[in-house]
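Comments concern the structure below.
Just so you know, all these numbers are worked out from the coordinates, no wet-lab data involved. Owing to the predicted nature of the structure, the values given are computational and were not obtained by experimental measurement. Because the Cβ atoms are built from the backbone with ideal geometry, glycine has one as well, and the counts that use them run over all protein chains shown.
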Amino acid sequence: MKPLNSVGILGYGGYVPIYRIQASEIGRVWGAGCVPIIEKAVAGIDEDATTMAVEAARYAVARAQVDPEEIGAIYVGSESKPYAVKPSGTIVAEALGISSSLLAADYEFACKAGTEAFQTCIALVASGMVKYGMAIGADTAQGRPSDELEFTAASGAAAYIFGRKSEETVAYVEGTYSYSTDTPDFWRRQGEPYPSHYGRFTGRPAYFRHVLSAAKGLMNELNLTVDDFDYAVFHQPNAKFPLAAAKMLGIDEEKVKPGLLVPVIGNTYSASSPLGLAATLDEAKPGDRILVVSYGSGAGSDAFSFVVQDAIEWKRDLAPPIKALIERKKLVDYACYTRFRGKLLK
Amino acid sequence: MREVAIIGVGCIKVGEHWDKSLRQLFAEAALTALEDAGVDRVDGVYVGNLASATLNSQQHLGALMADAMGMPGVEAVRVEAADASGGVAVHEAVRAVASGMLDLAVAGGVEKMTDAKLPDVEYAIMMSERREYVTHTGVTITGLNAITAQLYMSRFGAKYEDLVLFSVNDHKNAVNNPYAQYPFPITVERVLESPMVADPIRLLDTPGVGDGAAAVVLCPMERAGEFTDTPIRVGASTVATDVVNPYEREELLTLSSTRTAAERAYEMAGVTPGDVDVVEVHDNSSVMGVIALEDLGFVEKGCGHKFVAEGEIEIGGKLPTNTFGGLKARGHPWGATGVYQVVELVWQLRGEAGKNQVDGAEVGLAQNVGGTGATSCIHILRRVD
């Protein structure tokens, strides 16, 4: 899918809550010999998907240098909305001073809800229906105590403001491609506090099939090969999958590492690949081409090709880089973590 | 009783068949066997399966599989004897054909393990043990085998690194088996570095979880010439049982069901252990493979690990064992395993074993065990010259 008019990212922002719990601490409580990551980000007791979305959105506005009043659409992708019924986008809009002449909705497609918001904003901007659109992926991911998901399910957010391609563009969109099937690898039913998943089924027939198909579909449509990309960002449910996907596509590990955040912040679900893209933009040079492939269980993948522009050089310092957000941390033990994440009910 | 011949075999690759149902898996193996035999209809279908009720919410496998094969109307039944279900299904089919009640029969086994979560898979196999005395303690099959391994090592002075050569041999043989789940070699070092499952048993010394199906077509020997030039004679087919709770057995390091079934089988086939050219044993972790070699009479009790360490189980050794990968590397789709063993012996005896062919193989023996040894099923197959 190529937009008829050229569209790009004007500003981006990430947010990683300050608290971390080490995977070995979770292993200490539940028993685990080897753990899949080092540590994961934990939202504080006063944080949720919308507060984190606001933090990320503020940084995105700072980099975009746009008047929030001119943002005509806001889409928040999340699977951990604080309200089952009541939009998250309106909360973010109000906090940012975005005008009420606004399209707003929430998206859900497991971990790819954030990149779907990208596509909607790209389309609205390209068609001329809105001047600027904001896409956010934000999650306080849930993992059932003792479940293998608990080691990685983390919290974070990333926000992107899209507008017509100009001097202000940080990176423009060459095209996007989506691959979706009915594949029940992971789900959470209405009213259930924690998701269920089907072990190894989440691998080959789910994550890899969709990520690889979307990446290949995109390259085919844009007439590009893996060698045309300087960086690649994949959805990061654990440290193994994105590196394995890169290997299967023939992409060098070094192109993936700048955006590979899962070992130190965990799987931030809807924010996972958007945060990886943000970390990559933090170090990319003008002219670099970035492949982004999200993955949402259920299942689908959205692939994008972004080409970095000159504006990255002066815009990246207008908000904290992802690296700084990751380094700013406080370790908590399992007891505090259970309280922060509402796992203990009074 | 009539003599019985195997005239067709078929199986699918053991692995994660996410896109195939229990029914499709069985049908694919059975239809391959029928094609191999050049037969389009049989009189009876025997389906070995352990856990379809628990893992696939499906029972009534006899009719289900007959229907899947396009043969509604035929006599069909499911056979269950824990992970000896496949062997016992072949046994039941052999008896039916031998008795004269059926002429042509398909005996197959199927297990679709990837439909369920791993804890449910573990729970399903533990239903093979006695609920009140064993299962409720939370011990797993690997845990029970680990106790056996500890006792074996302390009593016979065996080292774990010697035992695991059994699994290393399985993997070596699986390399040339297109139907194997893990067709790659492993080393003793890799086994010892792999995660501990139940002390001393390591991950690379235990079968994985995989879907599989295998089938054979049987007919009376007197009719075998109508279908094939290379019928394989079923020299013996026996089943024996033991006390189910392993803690109530007189001896943990002897599978008395295997001994009993093997004695009857040797007598029935008119052979001795020394006549066996190739063997398939139920190595649910290496120690169980070693013990099987002893209880089948190939080597003295307590000496199995030395026999393995001396390389005698390799192709080219005294007793080529698990020549297509065994439970460890071909895979262990419970209810299908015993049938895979028979299929693999048929390949050897027909001379169709490719790079793993045992030269001049005339007599093959398969040992299929249910649970930790409460059921053993033995088949002795012979080439017809």
Loop only per DSSP, at most 16 neighbouring Cβ atoms within 10 Å: give me the GluC sites (Glu not before Pro) in the stretch B:293-385, ordered by residue number. B:E300, B:E310, B:E352
Hey, if you put +1 on the Cβ of every Lys and Arg and -1 on every Asp and Glu Cβ in the stretch A:1-59, which of A:A53, A:M1, A:I18 ends up farthest toward the positive end of that dipole? A:M1
Given bins 10 angstrom wide, list per bin the percent of all Cα-Cα distances in the stretch B:191-270, short to long. 13, 21, 32, 23, 10, 1
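For the pairs A:K240/B:K13; A:K330/B:K117; A:K255/B:K328; A:K247/B:K172, note any where the Cα-Cα span goes beyond 31 Å. Could you put the intermediate results ahead of the total?
On the way: A:K240/B:K13 26 Å; A:K330/B:K117 35 Å; A:K255/B:K328 38 Å; A:K247/B:K172 27 Å.
Where the Cα-Cα span goes over 31 Å, the pairs concerned are A:K330/B:K117; A:K255/B:K328.
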Which value results for Rg/Rh of chain B when Rg is the Cα radius of gyration and Rh the Kirkwood radius based on the inverse mean 1/r? 0.94
Apply the Karplus parameterisation 6.51 cos²θ - 1.76 cosθ + 1.60, with θ equal to phi minus 60°, to every residue of the stretch B:226-240 and state each ³J(HN,Hα) to the nearest whole Hz, in sequence, with x for glycine and proline. 5, 10, 8, 8, 10, x, 10, 7, 7, x, 7, 9, 9, 9, 9
Here the equivalent ellipsoid of the protein assembly as shown, derived from its Cα gyration tensor, has semi-axes (largest first, whole Å) of 59, 26, 22
Distance (nanometres) between label positions extended 7 Å along Cα→Cβ at B:E3 and A:R328: 8.6 nm
Calculated from DSSP H runs of 4 or more alone, at -39500 (n - 2.57) each and per residue, what is the 222 nm mean residue ellipticity of chain B, nearest 500? -10500 deg cm²/dmol
Go from 0 up to the bin containing the longest alpha carbon distance in the stretch A:147-231, width 10 Å each, and give me the % of pairs per bin. 12, 28, 35, 20, 5
Report the FRET efficiency, 1/(1 + (r/R0)^6), for B:Y123 and B:D359, where r is their Cβ-Cβ distance and R0 is 45 Å, rounded to 0.05. 0.55
Compute and list, largest first, the equivalent-ellipsoid semi-axes of the stretch A:171-311 from the alpha carbon gyration tensor, each √(5λ) rounded to a whole angstrom. 25, 16, 13
Give me a single rounded figure for B:108-118: the average over its residues of other chain Cβ atoms within 10 Å of their Cβ. 2
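Looking at the stretch B:39-117, I'd like the Rg to Rh ratio, where Rg is from alpha-carbon atoms and Rh is Kirkwood's inverse mean 1/r. Numbers along the way, then the final one.
Details: Rg = 12.5 Å, Rh = 12.7 Å.
Result: Rg/Rh = 0.99.
If each DSSP helix of 4+ residues adds -39,500 (n - 2.57) and the sum is divided by the residues in chain A, what number results at 222 nm, nearest 500 deg cm²/dmol?
Numbers: 12 runs with 106 residues, N = 346.
The helix contribution divided over chain A gives -8500 deg cm²/dmol.
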Helix B:22-37 sits at what angle to the longest principal axis of chain B, using alpha carbons and giving 0 to 90 degrees rounded to 10? 60 degrees
Kindly provide the Kirkwood hydrodynamic radius of chain A in Å, to one decimal, from all pairs of distinct alpha carbon atoms. 19.5 Å
Output row, site B:E222, 7 Å Cα→C-beta label point, backbone N cut-off 15 Å, window the stretch B:80-113, residues B:97-104
Express in nm, to one decimal, how much length is gained between A:D182 and A:S101 on full extension, taking 0.36 nm for each residue of separation and deducting their alpha carbon distance. 25.6 nm
Note to self: C-alpha centroids of the stretch B:43-74 and the stretch B:172-238 sit apart, in Å, by 22 Å
Whole-angstrom gap from the stretch B:285-328 to the stretch B:107-131, using each part's C-alpha centre: 26 Å
Mind checking the angle between helix B:141-156 and chain B's longest principal axis? C-alpha axes, 0 to 90 degrees, to the nearest 10. 60 degrees
Between the helical axis of B:85-99 and the dominant principal axis of chain B, each derived from Cα atoms, what acute angle in degrees is found, rounded to the nearest 10? 40 degrees
Are there trypsin sites (Lys or Arg not before Pro) in the stretch B:212-310 that DSSP marks as loop and that have at most 14 other Cβ atoms within 10 Å, and which are they? B:K301
Evaluate Rg over Rh across the stretch B:285-385, taking Cα atoms for both radii and Kirkwood's formula for Rh. 0.94
Between A:V85 and A:R189, what is 0.36 nm times their sequence separation minus the Cα-Cα distance? Round to one decimal in nm. 35.9 nm
Cα extents of the stretch B:93-243 per principal axis, largest first, Å, are 53, 41, 37
For an R0 of 30 angstrom, estimate the FRET efficiency from the Cβ-Cβ distance between B:E75 and B:T135 and round to the nearest 0.05. 0.35
How about the stretch A:129-236: which GluC sites (Glu not before Pro) there are in a DSSP loop, with at most 16 other Cβ atoms within 10 Å of their Cβ? A:E167
